1. Just how large is the dipole of the stretch 60-194 about the Cα centre, in debye to the nearest 20, putting +1 at every Lys and Arg Cβ and -1 at every Asp and Glu Cβ?
2. Just the accessible area per residue of the stretch 59-189, please: how many Å² with a 1.4 Å probe?
3. Take the cross-link list 114/193; 100/193; 128/188; 133/188; 76/114; 128/159 and give me the ones stretching past 26 Å between alpha-carbons.
4. For the stretch 39-96, what is the charge dipole size about the Cα centre, in debye to the nearest 20, if Lys and Arg each add +1 at the Cβ and Asp and Glu each add -1 at the Cβ?
5. Net charge near residue 79, counting Lys/Arg +1 and Asp/Glu -1 over other residues with Cβ under 11 Å of its Cβ?
6. Just to make sure I understand: if all protein chains stay in place, what is the order of 66, 192 by accessible area at 1.4 Å, largest first?
7. All other residues with a Cβ under 14 Å from the Cβ of residue 145 taken together, and with Lys, Arg as +1 and Asp, Glu as -1, what is their net charge?
8. Give me the distance between the Cα centres of the stretch 151-185 and the stretch 36-97, rounded to whole Å.
Amino acid sequence: MKNSIQALYYYLKYPLVHFASKWKFYFGSNAALQNYLRRVDRVYLPGLLRNFGATIGLPINFNGSVIIDNSSLNSKPFSNLLIGKKCFIGTDVFFDLPEKIILEDEVVISAGVKLLTHQDTGDRMMSKYYPRKAAGIIIGEGSWIGANVIILAGVSIGKCCVVAAGSVVVNSIEDYDVVGGIPAKVIKKLEVKI
């Protein structure tokens, strides 16, 4: 009975949540929509992200709020986010969306992970040394990204990889690699099991 009541509550509340998100976007700004996503109940995240252009496979499990930054200014601001089926997204995962972020099927992204698709100092003196870099991120099927990992622009993580908690990934990783450290280096190779 409790599950039925809870399902009815979420079903009846969804139109209000959807309306509030559209209101924030059309009469506020991208920033207002992004802030709203941080506060909305995780039950509504897949639908709201889809409504604003993200591709989300089902089933999906958002464990808490997500943080989205630098999304496009068009009517589908989250179109650079593609999440496969049976993925898990931990609390406070940061998606930087000037370029595509692709999470293939069955990816686990633990709490506090940051996916950064660009690095830019802006029009400042430091840009002579560190010019803007922007490139997408791909995380392969079945991979597990540990808590508080940072993945930088242009990185591809292969199938069934493990990235140890707290690592900084600056280079692409081959299938079945276990990596860790700053910068992340290969620790071992997983045995392929079929």
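1. Taking the Cα centre of the stretch 60-194 as origin, the dipole is about 200 debye.
2. 48
3. 114/193; 100/193; 128/188; 133/188; 128/159
4. Dipole size: approximately 260 debye.
5. Local net charge: +3.
6. Output order, biggest surface exposure first: 192, 66.
7. Around residue 145, the charge tally is -3.
8. That distance is 22 Å.
The values are calculated or read from the model by the stated rules, or taken from the named source; none is laboratory data. Treat the numbers as computed from the prediction; the structure is a model and nothing was measured. Reconstructed Cβ throughout: ideal geometry from the backbone, glycine too, with neighbour counts over all protein chains shown. Remember, those area values only see protein heavy atoms, side chains included, never the ligands or the DNA or RNA. Shrake-Rupley method; radii C 1.70, N 1.55, O 1.52, S 1.80 Å.
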